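For reference, the structure discussed in these notes is given below.
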Amino acid sequence: MRKIGVLTGGGDCPGLNAVIRAVVRSSIRYEWEIIGIRNGWKGLIDGDIELLTDYAVSGILPKGGTILGTSRTNPYKNPENIQKLRDNLKRFGIEGIVAIGGDDTLGVALKLHEEGIPVVGVPKTIDNDLNGTDYTFGFDTAISIVTDAIDRLHTTAESHRRVIVVEVMGRHAGWIATMSGIAGGADEILIPEVPFDMDEICRHLMARYERGKRFSIVVVAEGAKPKDSDMVITQSSERDEFGHVRLGGIGHILAREIENRLHVDTRVTILGHVQRGGSPTAHDRILATRFGVAAVECIKNNDFGKMVALQGDSIVPIPLQDAVGELKTVKMELYEISKIFFGR
Ligand code: F6P
């Protein structure tokens, strides 16, 4: 009987449990034992595991978060951790790992693969910024939540004749802002890929005002920055083990500036972790399930060092090095579409 480990790393995201369930259920056909590794790479360093039986994954398909827990632990921060990780793999008899994560978790997976540890990656992030896959699971749920929020903010903005600034996640890539902004009919969308110009934003908002539209919705990604500065707005300068600071607050700065310049009542909504919580959409449940099944097939074929990816209608294994290192930013043709509606 083969023993396979599965872990979830980085920020959580709707659909993680659907992948875990798919890995366990599709492994039953091969009579493998699935070991759940708790809290990402940390669990492999600490030897913190649990047996994932068919029963253990019952009912988790629609559940948000991850039954295994997650962390932003980077084992390469301390070389001793790699030895501990190796010792635990041996101790538990784990012959292959399914690592479900974003750029950081899969970056570690690639390094481990290069050191001879058998790993297969599954692409996860609400940010949709992983290369090699058309979509990551979790993204569809996030943009559904943000679109719903924009719809709700529209009615109150219109009633009070206000500008409402909606701050969404998106550290280096503005996929959530762009897609939910298009879906929700945002009047301005600001993303990390395109530094913004305050004068231009105000011109757009004034143009709407002059057309008799006395309210506006501005969607801003947390990593957006003005043209004349390279500084992103942070909540704390403390860095995690992958070197990331905690972003947040650009919405308040924008709102203050809009109110000062245009003298229009302005409010801010920061959606934060609401975007990552709760039940995955049907689309994400299906994608996550397909990824989980495909990861098991990779292991069955001893096809390690791969990430399962969605390309067109198919799920295909691609080399991990094609997915990590460089992030997938918003396609400019898509952003150009959103721009047609600015100031209208
Ligand atoms: O998972 C990526 C992400 O959603 C980013 O968009 C965001 O900056 C980050 O997570 C925040 O996560 P946390 O508060 O858990 O560190």
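General remarks:
- Residue-wise HN-Hα couplings along region 264-274, as the Karplus relation 6.51 cos²θ - 1.76 cosθ + 1.60 with θ = phi - 60° gives them from phi, are 10, 4, 10, 10, 10, 10, 9, 6, x, 6, 4 Hz; Gly and Pro carry x.
- Close amide H pairs (under 5 Å, H built 1.01 Å from N) link residue 246 with 235, 236, 238, residues at least 5 positions away or on another chain.
- Structure note, pairs 42/306; 77/227; 42/339; 77/339; 111/339: Cα-Cα distances above 32 angstrom occur for 77/227; 42/339; 77/339; 111/339.
- Here the Kirkwood formula puts the hydrodynamic radius of the chain at 20.9 Å, using every distinct Cα pair.
- Debye-sum result for region 296-344 in log10 I(q)/I(0), which assumes one identical scatterer on each alpha carbon, at q = 0.23, 0.26, 0.31 Å⁻¹: -0.90, -1.00, -1.12
- Loop trypsin sites (Lys or Arg not before Pro), region 180-252, which have at most 13 other Cβ atoms in a 10 Å radius of their Cβ (DSSP): 211, 227, 239
- The calculated FRET efficiency for residue 56 paired with residue 31, based on their beta-carbon distance and R0 = 22 Å, is about 0.85.
- The portion of the accessible surface of the chain made up by carbon and sulfur, rounded to a whole percent, is 49 (1.4 Å probe; DNA, RNA and ligands excluded).
- Extreme residue, positive dipole direction of region 140-277, given options 141, 266, 212 (C-beta unit charges): 212
- The chain: angle of helix 282-300 to the longest principal axis, Cα-based, in degrees nearest 10: 30 degrees
- Full extension of the segment from residue 262 to residue 83, taken as 0.36 nm per residue of separation minus the current Cα-Cα distance, would add 58.5 nm.
- Among residues other than residue 177 with Cβ under 14 Å from its Cβ, the summed charge is -3 (Lys and Arg +1, Asp and Glu -1).
- Label point distance in nm, residue 161-residue 302, each placed 7 Å from Cα along Cα→Cβ: 7.4 nm
- Dipole of the chain [Lys/Arg +1, Asp/Glu -1 at C-beta], most positive-end residue of 201, 116, 13: 13
- Cα extents for region 140-277 along the principal axes, largest to smallest and rounded to whole angstrom: 50, 34, 20.
- Computed from label points 7 Å out along Cα-Cβ, the spacing between residue 76 and residue 332 is 3.1 nm.
- What the phi angles of region 174-184 give under the Karplus curve with 6.51, -1.76 and 1.60, with θ = phi - 60°, is a coupling list of x, 4, 5, 4, 5, 5, 6, x, 5, 5, x Hz, glycine and proline written as x.
- Charge context of residue 54, other residues only, Cβ under 13 angstrom, K/R +1, D/E -1: +1
- Think of the chain as a dipole: +1 on every Lys or Arg Cβ, -1 on every Asp or Glu Cβ, centred on the Cα centre; then among 223, 82, 57, 57 lies furthest on the positive end.
- Local electrostatic count at residue 221 - Lys and Arg +1, Asp and Glu -1, tallied over other residues with Cβ under 13 Å: -4
- Interchain or long-range residues, amide H under 5 Å from residue 48's placed H: 38
- Phi to ³J(HN,Hα) by Karplus 6.51 cos²θ - 1.76 cosθ + 1.60 over region 155-170, Hz, x for Gly, Pro: 5, 6, 4, 5, 4, 9, 6, 10, 9, 10, 9, 10, 9, 10, 6, x
- Eligible aspartates and glutamates near residue 213 by straight Cα distance, threshold 17 Å, same-chain separation 8 or greater: 151, 158, 187, 188, 259, 265
- The residues of the chain have, on average, 43 Å² of accessible surface per residue, using a 1.4 Å probe with all protein chains present.
- Cα long-axis angle, helix 198-210 against the chain (0 to 90 degrees, to the nearest 10): 60 degrees
- Helix 250-262 axis, angle to the chain major axis (alpha carbon atoms, nearest 10°): 10 degrees
- Net dipole in debye of the chain [+1 Lys, Arg Cβ; -1 Asp, Glu Cβ; about Cα centre; nearest 20]: 600 debye
- Cβ-placed point charges (K, R +1; D, E -1), dipole of region 140-277 about Cα centre in debye, nearest 20: 420 debye
- Take the Cβ atoms of residue 252 and residue 200, set R0 to 25 Å, and the FRET efficiency comes out at 0.80.
- GluC sites (Glu not before Pro) within region 257-326, DSSP loop, no more than 13 other Cβ atoms inside 10 Å: 326
- Cα centroid separation, region 269-344 to region 50-111 (Å): 19 Å
- With both labels modelled 7 Å from their Cα along Cα-to-Cβ, the residue 237 to residue 90 distance reads 4.4 nm.
- DSSP-assigned coil residues among chymotrypsin sites (Phe, Trp or Tyr not before Pro) in region 1-92, each with at most 10 further Cβ atoms within 10 Å: none
The values are calculated or read from the model by the stated rules, or taken from the named source; none is laboratory data. Because the structure is a prediction, the values reported are computed rather than measured. Don't worry about glycine lacking a Cβ; one is built from the backbone with ideal geometry, like all the others, and counts go over all protein chains shown. Side chains included, ligands, DNA and RNA excluded: accessible areas come from the protein's heavy atoms. Shrake-Rupley method; radii C 1.70, N 1.55, O 1.52, S 1.80 Å.
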